[in-house]
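The block underneath contains the structure these notes are about, expressed in C-alpha cells.
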Amino acid sequence: MLQRAFQKTVFVWFLLLALAGCAGNSAVGGRLVTPETLPLPPEGMARIYFYRTDSPFLIAKEPEVVVNGAAVGRIIFGEAFFRDARPGRYEAFIASDPENVLRFNVNPGDVVFIKAETIFSLGDSRLTGTTIPPEEGRQEVLTRQLRVY
C-alpha cells in the first residue's frame with residue numbers, strides 16, 4: 001500500500017516536471033518540423049546545428065547558445081535548431097557553462113554539430129557544449145524536432 005502511494009507520488013512529480021519543461025517553449029519562436037533529411041546550407045555558407053542529449057535530467061533548463069558573443073537560440077529538450085554562418089572562425093558556448101568555449105572554423109558547405117550534454121558535479125549540474133562528428137550529429141538531429149526560424 002505504501003509502495004503504491006510512493007509510485008503515484010513519483011509519477012505525479014515526473015508529470016509536473018515534464019509539463020514545466022513544455023511551458024517554457026512557447027516564448028522561443030520559430031516553428032517545429034520533423035526532418036526527414038537535413039538540407040545543405042545555402043551557397044557559400046556553412047550550417048551549425050545545436051541540440052541536446054536525450055537525458056531527462058535538467059529537462060526544464062533551456063539555456064541560450066551564444067555564438068561570437070550573440071545569443072542565437074535556446075537548447076530545448078527534444079529539439080534541434082540551426083544557424084547559417086559565413087565562412088570564418090567561430091566561438092560558441094552554452095550559457096549554463098560559459099567557461100567551455102568551443103572554437104572552430106567553417107568553410108562554405110561545412111556542417112557543424114554542437115551537442116549540449118549534461119554534466120554533474122558536486123553541488124552543480126549544467127549543460128555544456130561538445131562538437132560532434134558530422135555523421136553522428138546528423139543521425140541524432142534527425143531524431144528530434146527541428147525548430148526553424
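What to note about this one:
- Label-to-label distance, nm, for residues given as ARG31 and ASN100 (7 Å Cα→Cβ offset): 3.4
- Most tightly packed first, judged by the mean number of other beta-carbon atoms within 10 Å of their residues, the peptides 108-115, 34-41 read 108-115, 34-41.
- Backbone N within region 116-149 under 20 Å of label point (7 Å from LEU40 Cα along the Cβ vector): 134-139, 142
- In range of the label at ILE119: residues from region 51-95 whose backbone nitrogen is under 12 Å from the point 7 Å along Cα→Cβ: 93-95
- Working note: Karplus 6.51/-1.76/1.60 with θ = phi - 60° gives region 142-149 the couplings 5, 8, 10, 6, 9, 8, 10, 9 Hz, where Gly and Pro are set to x.
Every number in this text was worked out from the coordinates using simple rules, so none of it is lab data. Just so it is clear, the model here is predicted, and its values are computed rather than measured. Counting neighbours? That spans all protein chains shown, and the Cβs are built from the backbone with ideal geometry, glycine included.
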